[in-house]
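These notes concern the structure reproduced below.
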Amino acid sequence: MIGILDYGMGNLRSVQKALEFIGQKAVISGDTDVLDGCERLILPGVGSFAAGMAEMERTGLSAYIKARAADTKILGICLGMQFLLGKSFEEGETAGLGFVRGSVVRFTEGKVPQIGWNGVFDLKTPLFDGIEAGTRFYFVHSYRADCADAFAAAKTEYYVTYPSAVYAGNVYGVQFHPEKSGEAGLRLLRNFCKM
């Protein structure tokens with residue numbers, strides 16, 4: 001069972017539908033008793049970093065995620081990936097979950113937000129098994145990760161080169177939306193489920 005964390009924000013049902021399409025059972029819940037029964041966790045997200053972190057703090061999910069990361073594979077998607085970093089400068093400065101040393105910063109180059117298909121390269125980790133460098137995924141975001149290469153599982157070029165996927169221990173994150181990225185996105189979700 002895959003647990004999709006519900007903290008009141010995000011593309012929960014589309015992630016669940018993508019997992020069901022590849023034959024995985026998935027439950028959407030913010031109840032830690034339910035999530036305790038899940039072998040893997042997905043932290044989705046669409047919206048404001050500050051509002052999302054405040055809601056996770058209020059519900060206790062931030063502490064729960066930190067505890068589960070010791071022995072559970074966790075995947076952050078879009079805003080969920082950004083939560084994995086140390087802090088964000090969206091609407092002021094807000095602390096994140098701190099798995100990945102670095103910050104979330106706004107694009108200052110080009111058209112913002114980045115919306116549409118873009119390629120990934122410098123692929124690392126089994127998350128990208130069977131996915132070729134240059135494969136295109138679907139992005140929608142105005143803020144990006146700024147962290148050391150040691151934490152970068154993939155990179156993307158959008159006026160600047162930035163980490164479009166990150167990892168640290170059992171925790172992985174992708175800035176793009178695998179659930180909206182066709183066969184490549186489904187392959188990435190399959191990889192996550194079998195890691």
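Derivation of every value follows stated rules applied to the coordinates shown; laboratory data play no part. Everything numeric here is computed off the predicted structure, so don't read it as measured data. Every residue, glycine as well, gets a Cβ built from its backbone with ideal geometry; the counts of neighbours run over all protein chains shown.
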For the chain, give the share of DSSP beta bridges that are antiparallel, in percent and rounded to the nearest 5; count only bridges with both residues there.
55 percent
In whole Hz, what ³J(HN,Hα) sequence does region 163-177 give by Karplus (6.51, -1.76, 1.60; θ = phi - 60°), x for Gly and Pro?
x, 9, 8, 10, 7, 7, x, 7, 9, 10, x, 10, 6, 7, 9
How much mean residue ellipticity at 222 nm does the chain get from its helices, if each DSSP H run of length 4 or more adds -39500 (n - 2.57) and you divide by all residues, to the nearest 500 deg cm²/dmol?
-7000 deg cm²/dmol
Which one of Phe89, Phe137, Phe176 has the biggest mean-square fluctuation once the chain is modelled by GNM with Cα springs under 10 Å?
Phe89
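Defining a contact as two alpha carbons under 8 Å apart and six or more residues distant in sequence, what relative contact order in percent does region 120-195 show?
Working: 119 pairs, mean separation 26.7, N = 76.
Once divided by the residue count of region 120-195, the mean separation gives 35 percent.
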Sort 162-174, 90-102 by the packing proxy (mean of other Cβ within 10 Å over each peptide's residues), most packed first.
162-174, 90-102
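Which loop-located trypsin sites (Lys or Arg not before Pro) does region 1-96 contain, where loop means any DSSP state but H, G, I, E or B and the Cβ has at most 16 other Cβ atoms within 10 Å? Write out the running numbers ahead of the final one.
Numbers: sites: Arg13, Lys17, Lys25, Arg40, Arg58, Lys66, Arg68, Lys73, Lys87; in loops: Lys25.
Answer by residue number: Lys25.
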What Kirkwood hydrodynamic radius, in Å, does the chain give when the mean of 1/r is taken over all pairs of distinct Cα atoms and then inverted?
16.3 Å
If you build the Cα gyration tensor of region 41-90 and take the root of 5 times each eigenvalue, what three semi-axes come out, in whole angstrom, biggest first?
17, 12, 9
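Relative contact order (percent) for the chain, with alpha-carbon contacts under 8 angstrom and 6 or more residues of separation?
Once divided by the residue count of the chain, the mean separation gives 19 percent.
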